[in-house]
Amino acid sequence: MASMRDIKRRKGSIQSTQQITKAMKLVSTVKLQRAKSNAERSKTYFHAMYDTVHSILRKSGNLEHRYLKTGETGKTGVIVITSNRGLAGGYNSNVVKLITQGALANEDLAIYAIGKKGRDALGRKYEIAQDYSDYIEEPVYAEAMRMSSQVLKDFEEGRIKEIYIAYTGFKNTVSHIPTLLKLLPIIPGQEPDAEKEGELQDEIENNTLMNFEPEEDDALDLLIPKYITSLIYGCMIEAVAAENGARMQAMDSATSNAEEMIDKLTLMYNRARQSSITQELTEIIAGANAIS
């Protein structure tokens, strides 16, 4: 059995750690409330933009446009959204696994990193084309626009042939879903929801073709960059909410585990103290008997 001094030292160390995890839980809870509100406000626009662009292209027939066909050369570009800090459970590792163990595992990738954890983990295996780690601290639309411009430029110049985005979708406080979404080239009707698949087929069969004003190339040149920017921004907003939710859960679990360990160490300390007192009494009684 460990000595009373060792048990007391270990208990004090765990109590200090518990205070830290409890404080981090409170901070994450406060941040989550704001991030959750932002995610819920932006989600409607985020999904509406995605659905609208795909709906337009489904009704447009076979269009010839540079954003609608896979490049012949270049790497596969992946925008990876993680956090700049750890202590968030499996939040960062789940996004990294989405790349290293998912559908793109064997591809030649160029990573556009938003978040230091994803940059550091994926930089050992893949090329880091751009580092936008600072953008995840306080996501703003202007930064998403700058990033979109750079990615589209690389796509047009043939440095990358496809563009994906990997992020953690925010469903609710306790449910966060690692998601891989293809941005370019746009494939109309890709990955439809099972519930809407029949509706999409009816829509394709029953609707007349879309007419563009101005010309279709000019319209898509205006629409697609805004579409990409909106998706990047929406993904960052959801990722921030998911990060704070994951960190809050992780710190709550850590605090509960610390409480259990403190209770066990308190019991061990009391037993060690009782054993020490019993031993001292035994020695005193044995000494008194020896004198008499």
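Considered as a group, the residues in the stretch 141-158 that are touching a residue at least 12 places away in the same chain (Cβ under 8 Å) and more than 17 Å from V80 (Cβ to Cβ) include one that is nearest to the chain's Cα centre (by Cα), and that residue is Y141.
Residue pairs whose Cβ atoms lie under 9 Å apart, sitting 6 or more positions apart in sequence or on different chains, and linking a residue in the stretch 267-289 that is more than 10 Å from I7 (Cβ to Cβ) to a partner that is surrounded by 12 or more Cβ atoms within 10 Å (Cβ to Cβ), are S276/M4. Across the stretch 109-154, what is the number of residues that are in a strand (DSSP E or B) and among the hydroxyl-bearing types (S, T, Y)? Total satisfying the criteria: 1. Kindly check whether there is at least one residue in the stretch 84-107 that is in a loop (DSSP other than H, G, I, E, B), within 18 Å of I232 (Cα to Cα), within 17 Å of the chain's Cα centre (by Cα) and not polar (S, T, N, Q). No, that holds for no residue.
Pairing residues of the stretch 48-60 that are free of Cβ contacts under 8 Å to residues at least 60 places away in the same chain with residues that are not in a helix (DSSP H, G or I), at Cβ distances under 6 Å and at least 6 apart in sequence or on separate chains, gives no pairs at all. Across the stretch 39-59, the number of residues qualifying as over 23 Å from E138 (Cα atoms) and either among the charged types (D, E, K, R) or touching a Lys or Arg at 6+ places or on another chain (Cβ under 7 Å) (or both) comes to 3.
If we scan the stretch 27-46, do we find a residue that is modelled with pLDDT under 90 and under 27 Å from E107 (Cβ atoms)? Within the stretch 27-46 (the criterion being modelled with pLDDT under 90 and under 27 Å from E107 (Cβ atoms)), the answer is yes, since at least one residue qualifies. Taking the stretch 1-51, which residues are of a type in the set (G, A, S) and within 21 Å of the chain's Cα centre (by Cα)? Of everything in the stretch 1-51, those that are of a type in the set (G, A, S) and within 21 Å of the chain's Cα centre (by Cα) turn out to be S28, A35, S37, A39, S42.
In the stretch 37-87, of all residues being small (G, A, S) and more than 28 Å from R119 (Cα to Cα), the one that is surrounded by the most Cβ atoms within 10 Å (Cβ to Cβ) corresponds to S60.
Within the stretch 134-188, the residues that satisfy the criterion of being among the polar types (S, T, N, Q) and within 18 Å of S93 (Cβ to Cβ) are T168, S175, T179. The set of residues from the stretch 208-252 being among the charged types (D, E, K, R) and assigned to a helix (DSSP H, G or I) comprises E216, D217, D218, D221, K226, E238, E243, R247, D252. Of the residues making up the stretch 15-36, those that are under 22 Å from T255 (Cα atoms) and surrounded by 18 or more Cβ atoms within 10 Å (Cβ to Cβ) are Q18, T21, M24, K25, S28, L32.
The values are calculated or read from the model by the stated rules, or taken from the named source; none is laboratory data. Everything numeric in this text was worked out from a predicted model, so none of it was measured. Counting neighbours? That spans all protein chains shown, and the Cβs are built from the backbone with ideal geometry, glycine included.
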